[in-house]
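In what follows, a single structure is set out as structure tokens and then discussed.
Read-outs: derived from the displayed coordinates by stated rules, not from any lab. From a predicted model like this one, the values you see are computed outputs, not experimental measurements. Cβ: placed from backbone, ideal geometry, glycine included. Neighbour counts: every protein chain shown.
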Amino acid sequence: MAAAGYFGRALIADVGDGSATELPLPDELLRAYLGGAGLGAWLMHRLAPPGVDPLAPEAPLAFVFSPLVGTPLTTSAKFAVVAKSPLTGFLNDALASSHFAISGKLTGNDAIVVRGACATPSVLLVDGDGVRLIDAADLSGRPAAEAEQRLRERLGRGWRVAAIGPAGEQGVRYATISHDGRHAGRGGLGAVLGAKRLKAVAVRAATKVASADPQAVLAAARDLRARSFGPATAKYRELGTLANLLAFNAISTLPTRNFQAATFAGAPRLAAEDLSKLRSVTRNSCASCTIGCEHIYSARGGKQMRVEYENVFALGPMCGVSDPDAVLAASGRCDELGMDTISAGGTIAWAMECVDRGLIDAPWLRFGDAAALLRAVDEIGARQGLGELLAEGSRRAAEHVGGGSAAFAPQVKGMELPGYEPRTMQALALGLAVNARGADHNRSGAYEADLSGNHDRLEGGEPHVAAAIESEDRAAVMDSLILCKFLRGVFSEPFGEWAALLAAVTGWDTDGAELRQTARRIVLAKRVFNIREGWLPADDWLPERLLTESLQVASGRVATLTPERLRGMIDGYYAARGLDGQGRPAGRVLADLQLS
Amino acid sequence: MSTSAGIVLAGGRSSRMGTPKAALEWHGSTLLRRTVGIISRVAGGPVVVVRARGQILPALPADVDFVDDPREGMGPVQGLAAGLAAIAARAEIAFVCSTDMPFLHPAFVRRVLRAADEGADVGLPIARGYPQPLAAAYRTTLAPVAERLVKEGRLRPAFLFDECMVTRLDEAALRADPVLAALDPDLDSVVNINEPADYAAARSRPAPEVTIQRFGALADAHRGPQAIRAATVAGAAAAAGLALGRHVIAALNGDQITRDGETPLATGDSVSFLSADAGG
């Protein structure tokens, strides 16, 4: 009997032969890895053949749920999609919120793992009757949202669908998996599903899940709900994440023209403060969420779309485009194609700079050209023309183009950088360099420390190391429980408060100290997986541009992140994590991971 | 470029003021807090406060160092010797001032430090009719010279200047710096206060003119920059109808982030108020 909040098993569906097996997940393991990204890391250790090609049939892809899914706790309807990334070649977990999380867990599984590959385009169905495949030929080439709608019409009420768009079918290495209009966005997991010739996975609830102390869970849910209406989430409620844009521009943290600058003259045209007045249509919430961060804008032609900071940063300032209609259109087109906007924008921006430098012969692709941006997005989604190259992501594309273009490819471990300038946020710089997923702000949100006022964000050093570790640990727990990061500001003593939530659901006597240890375990398990897959110390590094070109902030100070400073912070990180000088764990650290 | 530090001499007796000058109220903060904060914005290295043994000082940021002046009542060269010795291993030059200069401007500190950075042992302003040895830049290698002069009983700064290379900055030289000329045209930076009447007159002046801007959910109906008067970040926040704290932060001149409301402001500063949570 599994602990409350869990089923104690993962379903493994082989879509090559249509079979299904069950992998028992003992309590001890679940307590060690919780769920979501943590449990997903353990599953990949267990199920991914060493050295596997992420797009090969034998590569597993897991939908991983968590103990909090199905409870009334706000923002808990989340799940992680975990696989070896075709973009980075390392472990990748992409989180999303939707009813898929609830229905998927209530199939009676803590995870649904897919491996094998279908002979023809198919949809995997999972419910109380087990697994089966249906034909998806009519869905090929359709946007994920359309495929989702058609499937739900075909399958009937109760089914929830996670689908890929054309980019996933085309093997774009940063294709997404989407559902309810949300995306498991980063790292190209849509391409993994596409390589299995799966257009979608559909789930239907078949059972219920109990909490150990329902009254305590209900009380906690009421409390969290009330707190979620407070000042900690005001930014998300009132303007959404796009509120970052103008603020970041003011403090020189808005990456512009492929990180050639950190401020963008066109930023006011894209700012939430004005756009929301002109174009805001409505707000929306993810399943089981009381924050309501989604801001739906209207674009030219009457289309409506979610607008997030990262979309606008990547397709706007990063590409030098200030036309809001073009940026919204490009963002909407990425949604339709099922592509990660950060990687799409980053790769296009890199290509624009290559054109400037005469390294790519595509004179139509220039910084600031809105039509070129839209054309590039479409070509990537179809893998046509220049899109064939750009669909590979900036790291692989730079390896192909050469000419020194790797120095300004905006990526770490192959994943394109998010919209936070590392030279003016140097705790974040460390976090981006060392994180297992690559350059991602959701697995290492050390920008919080840079904006805390507790240290000089332009002079990375020891305090930045501690801050980056704390941020990474918090993310590891939040991504495994799973709770939305936009809720983080409501917690005063996060590890203790999260432990109390977990204890109410599971009945375990978990405390904050245990969760801190759990966080370290999850972070290191991801690192160990990467080491197994060929990670080298040089992979924990930043693009050369960020270490050789300085930026001046508004005060006149110059922000410089030297290789020596980054090296010092990385060494400090390794030491604090109990790793050797090459970033590898050993001995007691390894034993705690329960991977053997 | 040399590593620069700041030294604030706070150990004077304040006998004419009748109350410790370091603790005098200044727009919700204190004179010493203001002086330390202004110097911190320019000095890349440590800021040290030289105090008398047992002297109680107002609250200061945690990264400020303190050194006890071992010989009380010996004048500024003694304080200078103690301060320079305390930071000699960590900085090459230091801006040295007393605690009673409420209008000290970062642009003035920057200009004076530049004289030492360019090679002088001392960058000595001559402003408002007098040499200003307590608003000057000193090379930290002067510490043993100052110490010897104290032992010899030669307690006036002029004795120190006789033994080193001094770049004198008259008002024309100071105003040749366009930033300083624009932000402190009357060189009020060197105005010090010694008596209650001085303090009252200084305190009655309007606070510095600064620009504020609110971003995101904090902007409400107040988008775009707005000119206000405020001597501290807390004062600017109050003018914006905000309170710094867990969810609201300030960025000073697009540079450092702070939640410390006592962070001093000077004419020409800009303060951006942002949501603390920058999740995207």
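What FRET efficiency, computed as 1/(1 + (r/R0)^6) with R0 = 35 Å and r the Cβ-Cβ distance, is obtained for residue A:500 and residue A:586, rounded to the nearest 0.05?
Calculated value: 0.55.
Along the charge dipole of the protein assembly as shown, pointing to its positive end and built from +1/-1 on Cβ of Lys, Arg, Asp and Glu, which listed residue (A:427, B:138, B:127) has its Cα farthest out?
A:427
Provide the gained length on full extension for the span residue B:211 to residue B:195, in nm with one decimal, where the gain is 0.36 nm per separating residue minus the Cα-Cα distance. The partial results should precede the final answer.
Numbers: separation 16, 0.36 × 16 = 5.76 nm, distance 3.20 nm.
Going from the current span to full extension adds 2.6 nm.
Among the listed pairs A:84/A:235; A:84/A:105; A:84/A:303; A:303/A:526; A:235/B:21, which are separated by more than 31 Å between their Cα atoms? If you can, show how the numbers build up before the last one.
Working: A:84/A:235 34 Å; A:84/A:105 22 Å; A:84/A:303 35 Å; A:303/A:526 40 Å; A:235/B:21 42 Å.
Distance filter (> 31 Å) returns A:84/A:235; A:84/A:303; A:303/A:526; A:235/B:21.
Under 18 Å from the 7 Å Cα→Cβ point of residue B:19, by amide nitrogen: which residues of the range B:28-70?
Output list for this probe position: B:28-35, B:56-59.
If R0 is 25 Å, what FRET efficiency do you get for residue A:366 and residue B:222 from their C-beta distance, rounded to 0.05? Can you show the working numbers first?
Details: r = 37 Å, r/R0 = 1.47.
It comes out at approximately 0.10.
Hey, what number do you get for chain B at 222 nm if only DSSP H runs of n ≥ 4 count, each worth -39500 (n - 2.57), divided across all residues, to the nearest 500?
Numbers: 9 runs with 77 residues, N = 280.
Calculated at 222 nm, the ellipticity per residue is -7500 deg cm²/dmol.
Given H placed on each backbone N at 1.01 Å, which residues far from residue A:595 in sequence or on other chains put an amide H within less than 5 Å of it?
none
Counting Lys and Arg as +1 and Asp and Glu as -1, each charge on the Cβ, what is the dipole of the range B:1-51 about the Cα centre in debye, to the nearest 20?
Working: 7 positive and 1 negative charges, 27 e Å.
In debye, rounded to 20, the range B:1-51 gives about 120.
Fewest to most neighbouring Cβ within 10 Å: what's the order for B:190, A:209, A:81? Intermediate results must be reported in sequence, preceding the final value.
Working: B:190 25, A:209 21, A:81 30.
Lowest count first: A:209, B:190, A:81.
Charges at C-beta only: +1 for Lys and Arg, -1 for Asp and Glu. How large is the resulting dipole of the protein assembly as shown about its Cα centre, in Debye rounded to 20? Write down the numbers at each step before the final one.
Working: 91 positive and 96 negative charges, 215 e Å.
In debye, rounded to 20, the protein assembly as shown gives about 1040.
Mind listing the phi-derived Karplus ³J(HN,Hα) values for the range A:430-443, rounded to whole Hz, using 6.51, -1.76 and 1.60 with θ = phi - 60°, and x for any glycine or proline?
Computed from phi, the couplings for the range A:430-443 are 5, x, 5, 5, 9, 5, 5, 6, x, 6, 9, 7, 8, 9 Hz.
Evaluate the relative contact order of the range A:425-491 (contact order divided by residue number), counting alpha-carbon pairs under 8 angstrom at least 6 apart; express in whole percent. Don't skip to the answer; put the middle values down first.
Values: 79 pairs, mean separation 22.7, N = 67.
Computed value for the range A:425-491: 34 percent relative contact order.
Treat the count of other C-beta atoms within 10 Å as a stand-in for reagent exposure and order A:305, B:74, A:415 from fewest to most. Mind dumping the intermediate values first?
Details: A:305 22, B:74 16, A:415 32.
Sorted ascending by nearby Cβ count, the order is B:74, A:305, A:415.
Direction-averaged shadow area of the convex hull around the Cα atoms of the range A:67-119, nm²? Kindly include the intermediate steps, with their values, before the conclusion.
Values: hull surface 19.6 nm².
That works out to 4.9 nm², a quarter of the Cα hull's surface.
I'd like the Karplus ³J(HN,Hα) series for the range A:158-166: coefficients 6.51, -1.76, 1.60, θ = phi - 60°, whole numbers in Hz, and an x wherever there's a Gly or Pro.
Residue by residue, the range A:158-166 yields x, 8, 10, 10, 10, 10, 10, x, x Hz.
If you put +1 on each Lys and Arg Cβ and -1 on each Asp and Glu Cβ, how big is the dipole of the range B:4-198 around its Cα centre, in Debye rounded to 20? It would help to have the intermediate numbers written out before the result.
On the way: 21 positive and 23 negative charges, 58 e Å.
Taking the Cα centre of the range B:4-198 as origin, the dipole is about 280 debye.
What's the center-to-center distance, using Cα atoms, between the range B:239-280 and the range A:157-185 in Å?
Between the Cα centres of the range B:239-280 and the range A:157-185 lies a distance of 40 Å.
In nm, what is the difference between 0.36 nm times the number of residues separating residue A:576 and residue A:9 and their Cα-Cα distance? Walk me through the intermediate numbers first.
Numbers: separation 567, 0.36 × 567 = 204.12 nm, distance 3.41 nm.
Answer, rounded to one decimal: 200.7 nm.
With labels modelled as points extended 7 Å from the Cα through the Cβ direction, what inter-label distance (nm, one decimal) is found for residue A:300 paired with residue B:62?
Taking the two extended label points, one gets 5.2 nm.
Go ahead and run the numbers for FRET between residue A:269 and residue B:74, Cβ-Cβ distance against an R0 of 45 Å, rounding to 0.05. Write out the running numbers ahead of the final one.
Working: r = 62 Å, r/R0 = 1.39.
Result of the calculation: an efficiency of 0.10.
Let a ≥ b ≥ c be the square roots of the eigenvalues of the Cα gyration tensor of chain A; is it rounded (a/c under 1.5), or, if not, prolate (a/b larger than b/c) or oblate? Write out the running numbers ahead of the final one.
Working: a/c = 1.37, a/b = 1.18, b/c = 1.16.
Since a/c stays below 1.5, the shape of chain A is classed as rounded.
Just name one of B:49, B:112, B:24: the one whose Cα is farthest towards the positive end of the charge dipole of the range B:1-141 (beta-carbon charges, Lys/Arg +1, Asp/Glu -1).
Farthest towards the positive end: B:24.
Just want to confirm a number: the relative contact order over chain A, from Cα pairs under 8 angstrom separated by 6+ residues, in percent.
Working: 1424 pairs, mean separation 90.0, N = 596.
Computed over chain A, the figure is 15 percent.
Measuring from centroid to centroid over Cα atoms, what is the spacing of the range B:171-225 and the range A:263-329 in Å?
38 Å
Once amide H atoms are built 1.01 Å from N in the peptide plane, which residues 5 or more positions from residue A:559, or in another chain, come under 5 Å H to H?
Under 5 Å from the amide H of residue A:559: A:551, A:552, A:553.
With θ set to phi - 60° and the Karplus curve 6.51 cos²θ - 1.76 cosθ + 1.60, what are the ³J(HN,Hα) couplings of the range B:145-156 in order, to the nearest whole Hz, using x for Gly and Pro?
Those phi angles translate into 5, 4, 4, 5, 4, 4, 5, 7, x, 9, 9, 8 Hz.
Would you please give the residues with an amide H less than 5 Å from that of residue B:248, counting only those at least 5 places away or on a separate chain, with H modeled from the backbone geometry?
For residue B:248, the qualifying residues are B:276.
Please work out the Cα center distance from the range A:69-98 to the range A:518-548, rounded to the nearest Å.
Each part reduced to its Cα centre gives a spacing of 19 Å.
Residue B:229 versus residue A:132, label points 7 Å from Cα toward the beta carbon: distance in nm?
Using points 7 Å along Cα→Cβ, the separation is 8.0 nm.
Compute the length gained on full extension between residue A:153 and residue A:548: take 0.36 nm times their separation in residues and subtract their Cα-Cα distance, giving the result in nm to one decimal. Please list the in-between numbers first.
Working: separation 395, 0.36 × 395 = 142.20 nm, distance 5.48 nm.
Taking residue A:153 through residue A:548 to full extension adds about 136.7 nm, to one decimal.
How would B:269, A:127 line up from fewest to most surrounding beta-carbon atoms within 10 angstrom?
Working: B:269 23, A:127 20.
Ascending number of Cβ neighbours within 10 Å: A:127, B:269.
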